[in-house]
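One structure is given below, encoded as structure tokens.
Here, each number is a calculation from the coordinates, and none is a lab measurement. Just so it is clear, the model here is predicted, and its values are computed rather than measured. Quick reminder, even Gly has a Cβ in these numbers, built from the backbone with ideal geometry, and neighbours come from all protein chains shown.
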Amino acid sequence: MDNEWITGSDGKNLKFKRETLLNYGMNRWGLNKAHSVGSTSELIRNCAPTKYDEWEEYYFTNATQKKKDGIKVTREYISGLGQTLHIKLSEVVQSELDSITEEECCDYAYNLVLNRTYEGYKSEIETIYGQLESAVAKKIEPAPDKWDRKYGVDFFIKIKEKYIGIQIKPIASGQALNQYQWIEMHKKSHEKFEAEFGGKVFFVYSVKAGTGKKKIYNTEVIAEILTEIKRLS
């Protein structure tokens with residue numbers, strides 16, 4: 001093929017100039033889902049092709065829509081999906097684009113960069129907070145704002161009249177963690193907290209697990225907190 005919208009090809013794997021937009025449309029309207037084109041991942045595993053032509057022949061011989069009364073998928077049907085995609089992009093998306101204002105774009109950029117980052121951070125902290133509370137079997141409470149500013153403490157555990165401080169730090173998955181850096185940065189403020197409230201301050205690091213949920217990275221801290229709880233009890 002030598003069409004202006006194709007930027008290059010590797011065998012049959014063509015690259016399209018406006019692929020981001022085309023992919024958006026296919027996904028938004030489910031044109032590439034199993035109910036529309038059959039279970040492609042299952043089909044290709046069953047086929048186990050060594051050449052593209054084997055896969056193409058197998059697909060059009062066996063593919064049917066994965067839904068009740070699903071029809072057989074043909075080359076003409078795939079072309080029809082492309083026609084549907086064009087209508088959706090040229091009419092629906094174009095209409096939406098025409099209605100977007102500069103103010104809306106500015107609001108979205110601000111919300112994406114600040115608001116959603118903040119909400120994601122809060123959600124992450126709450127997830128780790130819940131895991132930790134369950135692990136130590138003690139109520140963990142949010143620290144007053146002045147504790148955060150003065151001592152670098154996000155949460156606390158009250159043991160009689162003394163307090164243990166908790167600071168939660170998110171880290172990127174696979175990122176090298178320099179715990180010493182954080183400890184040194186907050187050393188003086190955490191020493192002040194311990195002198196005033198009797199309990200140590202512990203760093204709890206969170207990382208994204210394979211499921212996408214957050215988990216405690218330095219799980220050994222749980223035993224350290226339990227030891228401190230026992231000491232103060």
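Details
- Simple rule: put +1 on each Lys or Arg Cβ and -1 on each Asp or Glu Cβ in the chain, find the dipole, and look at GLY38, ILE100, THR74; the Cα lying farthest toward the positive end is GLY38.
- When ARG231, ARG116 are sorted by how many other C-beta atoms sit within 10 angstrom of their C-beta, beginning with the fewest, the order is ARG116, ARG231.
- Using Cβ point charges alone (K and R +1, D and E -1), the dipole size of the range 116-232 about the Cα centre works out to roughly 60 debye.
- Exceeding the 31 Å Cα-Cα cut-off - candidates LYS139/LYS213; LYS138/LYS188; LYS150/LYS230; LYS192/LYS213: LYS192/LYS213
- Cα gyration tensor category, rounded, prolate or oblate, for the range 42-143 with a/c compared to 1.5: oblate
- Each peptide in 85-93, 197-205, 153-161, 67-75 was scored by the mean count of other Cβ atoms within 10 Å over its residues; highest first, the order is 197-205, 153-161, 85-93, 67-75.
- P(r) tail fraction, the chain - alpha-carbon pairs more than 23 Å apart, %: 68
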